[in-house]
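Before any comments, here is the structure.
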Amino acid sequence: MKKTVSILLILAALMCMLFVGCGDSTAPSAEATPNAPSAPAKEYVFSYNGISIPMKAEAAPIVSQLGEPLNYFESESCAFKGLDKIYTYASFELCTYPVDGVDYVLSVRFTNDTVSTAEGISIGSSLDSLNTVYSSSVAVGETGFTLTGGDSSLAFILDGSTGAVTSVKYSANN
Amino acid sequence: MKRNIKRIIFVVAAVAVWVGAFFMTQRLLEPKYMDDLIEGALTAEYYDETTKHDVIFIGDCEVYENFSPVTLWENYGITSYIRGNAQQLIWQSYYLLEDTLRYEKPEFVVFNVLSMKYGEPQSEEYNRLTLDGMELSPVKIKAVEASMTEDEELITYIFPILRYHSRWNQLKSEDFEYFFKKDKISHNGFIMRADVRPATTFPEPEPLADYTLPATCWEYLDKMAALCKENDIELILIKAPSLYPVWYDQWDEQIVEYAQKNGLAYINLLDKCDEIGIDFYSPETADTYDRGLHLNLSGAEKLSNYFGGWLCSNYQITDHRNDPDISAVYSEKSADYYAMKEDQLRELSEFGELKSY
């Protein structure tokens, strides 16, 4: 009888473990989250007219400071709630992603040469200046170069034949 | 001796009760995907099918929102099913095809190529929508292994309770309502949306440093082509007519080249919008419900009519409308389809938007 009781106790314990044994991990939420936002990254931060735009920062205060965009686009993700939003300004596009009803900065992409990175690189900058500023050794023929720091990345697309910068984009890392 | 038998019976009964309780608890805690995130119910619905299909569509939302199997049936007598899910990645499409072949051998497999742009698993949330509903089999195990992101574990797909145990304090009425039986949410894998939201402007396509489609995707496309060939199935590649996200010309060229090299048909339906009659922009009558990302019901019906015509004029395909058994099944499917259409139109007229869909 003692053995039987032991078996029953083990089975009951196993059942309990299902509920408590795995800590407090949560089930997938109703929103597709690239990942939960953490503290804004310090390493690669775009700044426009004195407005700092760190990746994964809450978007609303930034959007409000930037003023009316030239264009606004939103797209629902397949299945999940919330909208990915793209605000187009005169010289860059700002994309956001939603988490629990709050929008966060996903990326900033330059659309012309009137803005530059904090280190002074803009669309049209030469490969030499890029290599000097970021202490890199990118060669002519390479078409992309990405720097990563904390929660952010800074990616450059380069002209394959000249090495000149053709696109600049800050992104939130997954 | 008698005492021993009693003990054995008692232990067996205890284990049976425990196993029963385990699976009942698991069933309760699993998301039901009925009131919310209905896309999560798509994979499992396929197993309720009672007839075989001429055509199996596989891919992402660009198939389950854009093709209407009922239109293909009504206009051409073609039987079809969509095995598509939200952001279904190519390896998931491949394994869902393998899974499908456990039950039937279609004449045609139509694969939408948008997912060729993703070379790595994207998120657990989307993995769960596609894979949770798959019947447990060696194919599911392979699908999960190919799909898992860094923090996921295979065992949680075999025993979902290990993933969802913490839902006990988030249980909703739908968890009890759909404990035993779920409602049907699709029409042979098609999710119907009758509302209209015309396309406006899109952001400029972003330049990429490298337009080469990922090597993993080509490997799976090779596997898919080989699997179809092995089973004497015609594989057709398509790019559905969704305006956003962008489908780059450079990607298209690679698919065209692959199709030519492998003797496969490929239609970029984005180039056929005028021929199909798809209108993305008229305020009241546009064929999209979300500004050009997906087609609405009228768009899906136009596209399916065009695609059925294309299939019939390029291949020998049997018209099953004179088969009484299949007709009876599809007659019921059509009735459900029109009932939902009517209900959606009623909601649109009453509330100006869809409330229950």
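So here's what we get for this one:
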{"read-out": "Selection from the stretch B:67-102 of residues that are within 12 Å of chain A (Cβ to nearest Cβ) and under 13 Å from B:Ser186 (Cβ atoms)", "value": "B:Gly84, B:Asn85, B:Ala86"}
{"read-out": "Among the candidates B:Val12, B:Val70, residue that is of a type outside the set (Asp, Glu) and either open to solvent by 30 Å² or more (accessible area, probe 1.4 Å) or touching a Pro at 6+ places or on another chain (Cβ under 7 Å) (or both)", "value": "B:Val12"}
{"read-out": "Given (1) assigned to a loop (DSSP other than H, G, I, E, B); (2) within 14 Å of another protein chain (Cβ to nearest Cβ); (3) open to solvent by less than 30 Å² (accessible area, probe 1.4 Å); (4) among the aliphatic types (A, V, I, L, M), number of the condition A:Val108 does not satisfy", "value": "(1)"}
{"read-out": "Tally, over the stretch B:310-344, of residues that are open to solvent by 90 Å² or more (accessible area, probe 1.4 Å) and within 13 Å of B:Leu72 (Cα to Cα)", "value": "1"}
{"read-out": "Residue check, B:Gly20 within 14 Å of chain A (Cβ to nearest Cβ) and either surrounded by 23 or more Cβ atoms within 10 Å (Cβ to Cβ) or touching a Cys at 6+ places or on another chain (Cβ under 8 Å) (or both)", "value": "no"}
{"read-out": "Which numbered condition B:Pro203 misses (of (1) within 14 Å of chain A (Cβ to nearest Cβ); (2) open to solvent by 30 Å² or more (accessible area, probe 1.4 Å); (3) assigned to a loop (DSSP other than H, G, I, E, B); (4) of a type outside the set (D, E, K, R))", "value": "(2)"}
{"read-out": "In the stretch B:251-281, the residues that are open to solvent by 40 Å² or more (accessible area, probe 1.4 Å) and among the aromatic types (Phe, Trp, Tyr)", "value": "B:Tyr266, B:Tyr281"}
{"read-out": "Output for the stretch B:23-37, where each listed residue is on the phi > 0 side of the Ramachandran plot and either more than 7 Å from chain A (Cβ to nearest Cβ) or in contact with a His (Cβ under 7 Å, 6 or more places away or on another chain) (or both)", "value": "B:Tyr33"}
{"read-out": "Given (1) open to solvent by less than 20 Å² (accessible area, probe 1.4 Å); (2) farther than 21 Å from B:Gly59 by Cβ, index of the condition B:Lys355 fails", "value": "(1)"}
{"read-out": "Complete set of residues in the stretch A:156-174 that are open to solvent by less than 40 Å² (accessible area, probe 1.4 Å) and assigned to a strand (DSSP E or B)", "value": "A:Phe156, A:Ile157, A:Leu158, A:Val165, A:Ser167, A:Val168, A:Tyr170, A:Ser171, A:Ala172"}
{"read-out": "Residues that are closer than 20 Å to B:Glu65 by Cα, surrounded by fewer than 17 Cβ atoms within 10 Å (Cβ to Cβ) and not acidic (Asp, Glu), drawn from the stretch B:167-196", "value": "B:Lys184"}
{"read-out": "Residue among A:Ser153, A:Ser129 that is surrounded by 15 or more Cβ atoms within 10 Å (Cβ to Cβ), within 21 Å of the chain's Cα centre (by Cα), under 22 Å from A:Ser47 (Cβ atoms) and not basic (Lys, Arg)", "value": "A:Ser153"}
{"read-out": "From B:Glu98, B:Glu39, residue being acidic (Asp, Glu), open to solvent by 10 Å² or more (accessible area, probe 1.4 Å), touching a residue at least 24 places away in the same chain (Cβ under 8 Å) and more than 24 Å from B:Asp336 (Cα to Cα)", "value": "B:Glu98"}
{"read-out": "Test for B:Tyr248: is it surrounded by 13 or more Cβ atoms within 10 Å (Cβ to Cβ), over 23 Å from the mean Cα position of the chain (by Cα) and within 30 Å of B:Ile278 (Cβ to Cβ)", "value": "yes"}
{"read-out": "Neighbours by Cβ (under 9 Å, 6+ apart or cross-chain): first from the stretch B:169-197, within 25 Å of B:Glu347 (Cα to Cα) and assigned to a strand (DSSP E or B); second acidic (Asp, Glu) and open to solvent by less than 80 Å² (accessible area, probe 1.4 Å)", "value": "B:Phe190/B:Glu65"}
{"read-out": "The stretch B:137-152 - residue that is open to solvent by 30 Å² or more (accessible area, probe 1.4 Å) and modelled with pLDDT of 95 or more and, of those, farthest from B:Lys223 (Cα to Cα)", "value": "B:Met148"}
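The values are calculated or read from the model by the stated rules, or taken from the named source; none is laboratory data. Every value quoted in this text rests on a predicted model; they were computed, and no experiment measured them. Ideal geometry is used to build each Cβ from the backbone, glycine not excepted, and the neighbour counts take in all protein chains shown. Just the protein is used for accessible areas: all its heavy atoms, side chains included, with ligands, DNA and RNA removed. Shrake-Rupley method; radii C 1.70, N 1.55, O 1.52, S 1.80 Å.
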